[in-house]
1. For B:V136, indicate whether it is in contact with a Gly (Cβ under 7 Å, 6 or more places away or on another chain) and of a type in the set (A, V, I, L, M).
2. For region A:113-152, which positions are assigned to a loop (DSSP other than H, G, I, E, B), modelled with pLDDT of 95 or more and either in contact with an Asp or Glu (Cβ under 6 Å, 6 or more places away or on another chain) or surrounded by fewer than 20 Cβ atoms within 10 Å (Cβ to Cβ) (or both)?
3. If you scan region A:73-108, which residues turn out to be within 13 Å of the chain's Cα centre (by Cα) and of a type outside the set (A, V, I, L, M)?
4. Condition first: within 13 Å of chain A (Cβ to nearest Cβ) and more than 20 Å from B:A70 (Cα to Cα). Now tell me which residues in region B:82-123 satisfy that.
5. Name every residue in region B:117-138 that is among the hydrophobic types (A, V, I, L, M, F, W, C) and within 14 Å of B:T30 (Cβ to Cβ), in order of residue number.
6. Within region B:100-111, identify whether any single residue is at pLDDT 95 or above, in the same structural domain as B:R152 (by TED's automatic domain parsing) and not in a helix (DSSP H, G or I), and answer yes or no.
7. Just to check your reading of the model, which residue among B:A192, B:A155 is among the hydrophobic types (A, V, I, L, M, F, W, C), in the same structural domain as B:R96 (by TED's automatic domain parsing) and assigned to a helix (DSSP H, G or I)?
8. I need every pair where a residue in region A:31-54 that is at positive phi has its Cβ under 7 Å from the Cβ of a residue that is assigned to a helix (DSSP H, G or I) and open to solvent by 30 Å² or more (accessible area, probe 1.4 Å), sequence separation at least 6 or different chains.
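The values are calculated or read from the model by the stated rules, or taken from the named source; none is laboratory data. Predicted model, so just to flag it, every value in this text is computed and none were measured. Cβ: placed from backbone, ideal geometry, glycine included. Neighbour counts: every protein chain shown. SASA here: full protein model, heavy atoms, side chains in, ligands and nucleic acids out. Shrake-Rupley method; radii C 1.70, N 1.55, O 1.52, S 1.80 Å.
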Number of protein chains: 2
Amino acid sequence: MSECGFVYSFATVMETTDISVKEHIIQTATRLFHEQGYNRTGINQVIEEAGVAKASLYYHFPSKEDLCVAYMQRRADNWVNGLEEYLKNVDDPRERLVKTFDYRAIHLKNNQFGGCSYIKIISELPQRGEKIDEKVLGIKEKQRKFFHDLTRKLAGIEKKSAAVLADKIFLLFDGGTVQCQVYRDTAPLKIAKKAVMDLLDEYW
Amino acid sequence: MSECGFVYSFATVMETTDISVKEHIIQTATRLFHEQGYNRTGINQVIEEAGVAKASLYYHFPSKEDLCVAYMQRRADNWVNGLEEYLKNVDDPRERLVKTFDYRAIHLKNNQFGGCSYIKIISELPQRGEKIDEKVLGIKEKQRKFFHDLTRKLAGIEKKSAAVLADKIFLLFDGGTVQCQVYRDTAPLKIAKKAVMDLLDEYW
DNA sequence: ATCCATGTAGACAGACTTGTCTGAATGTGG
DNA sequence: CCACATTCAGACAAGTCTGTCTACATGGAT
């Protein structure tokens, strides 16, 4: 098989391209876990599609649970990086809030309306493994903080009002996300965006 | 074993108590699927805890997927019946809307903050089996219609405004539900309720 | 009287799962 | 030069899963 040669030559290139075996595993797992679900994706499929040996996976990740944590972190990084790029020329906090919902719709569409990775994971693992639980709560809290930071920057808003507003927007964010997943359509997020704009108009 | 005798005598009683073997299976599956998740609950556990034979399960349900549909229908029935009971003396549509969020919090707490069964199912089965997809969309559409019917009854509201308002409330409903699932707390639904009350105040 | 619906118990097939282990190869750093 | 980190291939263990099947029991309806 030429595949073997490919893999080995690939490994030599890897330092220059910075796509290591570990990175291949994370990327493959991130794709498969999100598209097929965590429970329905076996380790064997991950290593096969990543083109790595099983021992290599377990060398980098002691268990599937650890790979799951890396998957969620990668999803979070991708989201934050994509959003920052999308908002790079937007300064007004009001506009940043609204455009976040635009980007959310784009992001969900680009991800086959798979919904929120973290809500999906806790839906698949109701018993809450410690590491996974911690990761989900940490990421969700960062999402919440994002909205709180933005509303606090709105001109002339009181601190308490900003917090209430942020929590409402966060609810619309998650509500829009899961409804887009259910309906496989961006319509719910458009309504959520409209709701956010109406909320912001109240504060002028 | 006395168990055998128990089972058989149970079967004879079943017509009077109206708790058939099929009903036992549905109740057990409804509990286990919601608490443990659909994928993580095996047929063998269902029949064991229901106290029925495997052949009996497959006599009533051709496949696990069919049992899943029955599970979702049962969850929907339980929700609607519980809500109707909770709202039986509440006539004002505004109050019915707000109290629906109160009942949602009670319901989630009573169900170990397991979240929305239908969102969980589509999170576990991303490929969307035909029967399951149809069921989830049907139930979600009924939930949506519930809010639309109520907002239309608000005094002096325009038809279009009522529709927009209902969709916003529905977003807060689902957002509150999944966030309660994440945080294992009713706090998000309290914020959602407050958001609904604020929305309703706009329409006086 | 006999058929049929409904129920029991439990073995079995065939596939899947996670994780371990053996044994070898490669390239780099000390 | 040798030790170490990293990677390969793939067998294996020990368990899970869904669904099928055999063989039998029971009670009501025709």
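1. For B:V136, the condition - in contact with a Gly (Cβ under 7 Å, 6 or more places away or on another chain) and of a type in the set (A, V, I, L, M) - is not met.
2. Hit for region A:113-152 is A:F113, nothing else.
3. A:Q73, A:R74, A:R75, A:D77, A:N78, A:W79, A:N81, A:G82, A:Y103, A:R104, A:H107, listed by residue number.
4. B:F101, B:R104, B:Q112, B:F113
5. Result: B:I121, single match.
6. yes
7. Numbers: B:A155 fails: assigned to a helix (DSSP H, G or I).
Exactly one of B:A192, B:A155 is among the hydrophobic types (A, V, I, L, M, F, W, C), in the same structural domain as B:R96 (by TED's automatic domain parsing) and assigned to a helix (DSSP H, G or I), namely B:A192.
8. A:G51/A:V7; A:G51/A:H24
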